[in-house]
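For reference, the structure discussed in these notes is given below.
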Amino acid sequence: MADTIRAELHSLNRDLSFAAKGDSGHWLMIDSKVENGGNAGACNPSELLLQALGACTGMDTLSILKKKRTAFSHLDIFIEGDKRDEHPRIFTHIRLRFVLHSNGGDKALQDLQRAVELSYDKYCTIANMLKSSADIRYETGIIDG
């Protein structure tokens, strides 16, 4: 049976600002640039999409690293996305860089690479939806820490 997830959005006024809430009950603000009719007071939908991709792959990656008992203090993820010039302005290329803060050396790097690969290929819902329309590439690295 399908897992249904619900969300609701409420415009704050006639500008392009919304308050959004999902099944978790947490509120999130969404906005647009002033020149597009918003107030520039929150992330725009495209930024949220990239952040959702990063969070989805990041949560998978951290879960896998914990199961492997990989030594690390934290994970940083940096994301860039290129959008088409014409409408619909979908993402055509997305690049993610995963940086694990670890003193685990080559083993930690190999664990990170495998965890990111599993997330991208199998577990991350957002990546699996986006990869049919965007070229998604990722790289991994380790920083001592």
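The values are calculated or read from the model by the stated rules, or taken from the named source; none is laboratory data. Computed from a prediction, not measured in an experiment: that's the story for all the values here. Ideal geometry is used to build each Cβ from the backbone, glycine not excepted, and the neighbour counts take in all protein chains shown. Heavy atoms of the whole protein, side chains included, go into the accessibility calculation; ligands, DNA and RNA do not. Shrake-Rupley method; radii C 1.70, N 1.55, O 1.52, S 1.80 Å.
Worth pointing out:
- Note on surface exposure: D60, D31, D23 rank D23, D60, D31 by accessible area, highest first, 1.4 Å probe.
- Centroid-to-centroid, using Cα positions, the stretch 55-97 and the stretch 1-50 are 21 Å apart.
- Size of electric dipole in the chain: Cβ of Lys, Arg +1 and of Asp, Glu -1, about Cα centre, debye, nearest 20: 380 debye
- For the chain: relative contact order, % (alpha-carbon pairs under 8 angstrom, 6 or more apart): 19 percent
- The residue among T57, F72, I94 whose Cα reaches farthest toward the positive pole of the charge dipole of the chain, with charges on the beta-carbon of Lys, Arg, Asp and Glu, is F72.
- Per residue, the chain exposes 66 Å² of accessible surface when a 1.4 Å probe is rolled over the protein heavy atoms with every protein chain present.
- Nearest-10 value in Å² for the accessible area of H26, using the 1.4 Å probe: 130 Å²
- Within the accessible area of the stretch 1-82 (1.4 Å probe), percent carbon and sulfur: 55 percent
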